[in-house]
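Enquirer: Take this structure first; my questions come after.
The values are calculated or read from the model by the stated rules, or taken from the named source; none is laboratory data. Because the structure is a prediction, the values reported are computed rather than measured. Backbone-built Cβ (ideal geometry, glycine too); neighbour counts: all protein chains shown.
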Amino acid sequence: MTETSTTESSIDDVLGVIYDVALDPMRYEELCVSWEAVLWPQIQQGANTSLESRVVSHFTRAEDVLDLIESHPSDAGLPEIAGFLEGVGSAAALVIDHDLLVAAINSAGVRLLSAEVGSKVSNLPILEDDVGSFLKHVQGMLKRSDGADSIIRVRRQKSEHLIVFHLRALRTQSGQRCVAAITSDLHWPQSFQATLRNAFSLSKAESDIVRMIVDCNSVNGIATQRGRSIGTVRNQIKSILAKTGSRSQIELVRLVMSVMEVATNNDEPHPGETRTMIASGSGLPPAQQCFVTGADGRKLEYLILGDREGAPVYYLQTELGLSRLPAFIEEDACRRGIRVISPIRAGFGQSDPVPKGGNFGEQVARDLLTIMDEEGISALPVITMAADNAFPARMHILRPGSVSAIIATSGCFPIINDEQAARQQRMHRLMHSTARYFPKLLPFVAKASFKAVRKMGKKWMVERLFANSPADLAVFENPDVQAAVLEGSNVALSDTHSSHEAFILQCLSYHGSDQLSLLPSVENQVPLHSLNGLKDPAMHADTLAENQRRYPWIQFHIYPDAGQWLLFQYPDDVFDLAERYVAR
């Protein structure tokens, strides 16, 4: 196989995984692996443009579709294996037990397979000639419990069109072996073909053909049913592929199934819904929730933690929206007489988003100054996490003297070459490298990650984000840290709210063309301390050493046993530094 054909094959694999992730968010890690298999060779060869020409148009079309779809509630979960079936959406799905009975089935399966819990699998609407081989295949899968996958095609009764069963061997929580099956049979929402027509400028005839392709009809079958010649149908399919940006009918089916899943299982909030910051029983001290309206008319939200009358300190909480600190840190702030102000940045929580076309980084800095004015503060130290040190630098540019010091915990500074980007661990590298090298693909990747977290839970994402960072996973085992992370991040993602649009803007801001000029603007004007752990998955030790040489005026504090959540591990060191610069 030639190098070109290998690249094309790899890109096709990535496209397939992208659509698979929408159907099964548990496969999000595969996106990281597959995308990197294409991304890094392209970067190393300097062939970003060729990759964009092959991929970007496809995903911008998919992104347009996601933006068109309205919010719909999810179907209720099913016992024990609900997590597997919930992500299936409109595809008929069921679980088969060792007695070859239906143990669980989603609503689409009930409608399309005429089955219910307790039904015999042999009674599914499968052509009699195919039932025996299907049952034998399932029995073989039942002997396995290792998550093995298999695919079998059978014919439906009466119409005899193909049904593709994607089978996965599972073991339930009670230890029972079973087989989960997702089929190619789809329940088409009443308005879905109109959605496809609007999204891809398809004619009614073309949208009808799309449905027939997804239903596994052959070209000959479509021609017969529609009373058209085979040549006419082939020309229509060629037009459909061009309009949807698909290279093959398989790719088209994946796209349609992904879009349909989002259309019928999208759980984004309706505009205007309110969010609850702190769930009862979280163990966190009560926080004062405040609002201010900026000069531009936008509403800004912020929290006051610690001593509400104490000396002010800003705490910025990264693109993850970690708006709360662990209880032991907030209680210590009270004892120190420190008022920790936790601003909820634009587009997170109840803070209004940045106006369309606005500079995200500059707007956040202006919002921070607005909150200071509301609180009657002329200057204060700013505690940041990861790359958030850029925001106080912008504050200083806008209003010199407003920042008395920057205390950068796990300080990340602009990536200046491909080697530094490659050193980041996978989950961190996926988002930031996409933003750096392929920004047009970031919206789809970010939405996929938010969807995965909503399906699988925040603990699931933390465990994967820090899979190769034992130091951070150990910190997360502390119940106080868990409560702060899980509850505080509700400003980014909760049952009723998702800040993925602001998250995207923030990631792009981190890699903006003006980032390299920000740090020099505070050199010898604003004290900057960077506390860094050598186990940080986003800041490799070699990159940290390079930053120490690049920025000799920054006061680095190195912690060999700490990761990215150094603030939660060494809070006394952080607040001891902050106290040097507070106004009493």
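Enquirer: Tell me, please, whether a residue that is within 19 Å of Ser410 (Cα to Cα) and touching a residue at least 12 places away in the same chain (Cβ under 8 Å) can be found in the stretch 327-337.
Expert: Yes, because at least one residue in the stretch 327-337 is within 19 Å of Ser410 (Cα to Cα) and touching a residue at least 12 places away in the same chain (Cβ under 8 Å).
Enquirer: Select the helices (runs of 4 or more DSSP H) contained entirely in the stretch 325-435, then report the ones holding at least 3 residues which are assigned by TED's automatic domain parsing to the domain that holds Ser494 and among the acidic types (Asp, Glu).
Expert: Per the criteria, 327-336, 360-375.
Let's see how each residue does on (1) surrounded by 19 or more Cβ atoms within 10 Å (Cβ to Cβ); (2) farther than 27 Å from Met395 by Cβ; (3) outside the structural domain of Ile397 (by TED's automatic domain parsing); (4) touching a residue at least 40 places away in the same chain (Cβ under 8 Å):
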| residue | (1), (2), (3), (4) |
| --- | --- |
| Asn478 | no, yes, no, yes |
| Ala484 | yes, no, no, yes |
| Leu493 | yes, no, no, yes |
| His529 | yes, no, no, yes |
| Lys535 | yes, yes, no, yes |
| Ala541 | no, yes, no, no |
| Glu546 | no, no, no, yes |
| Pro560 | no, yes, no, no |
| Leu567 | yes, no, no, yes |
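Enquirer: Still on this structure, please answer the following. Report, by residue number, each residue of the stretch 291-326 that is over 27 Å from the mean Cα position of the chain (by Cα) and free of Cβ contacts under 8 Å to residues at least 60 places away in the same chain.
Expert: Phe291, Thr293, Asp296, Gly297, Ile304, Leu305, Gly306, Asp307, Arg308, Glu309, Gly310
Enquirer: Return the only residue of Asn417, Asn389 being farther than 25 Å from Ser499 by Cα and of a type in the set (S, T, N, Q).
Expert: Asn417
Enquirer: Please go through the stretch 283-307 and give me each residue that is outside any strand (DSSP E or B) and closer than 21 Å to Asp480 by Cα, ordered by number.
Expert: Once the filter is applied, which keeps residues that are outside any strand (DSSP E or B) and closer than 21 Å to Asp480 by Cα, the stretch 283-307 yields Gly283, Leu284, Pro285, Pro286, Ala287, Asp307.
Enquirer: Would you check which residues across the stretch 361-381 are modelled with pLDDT of 95 or more and either β-branched (Val, Ile, Thr) or under 22 Å from the mean Cα position of the chain (by Cα) (or both) and list them?
Expert: Matches in the stretch 361-381: Val364, Thr370, Ile371, Ile377.
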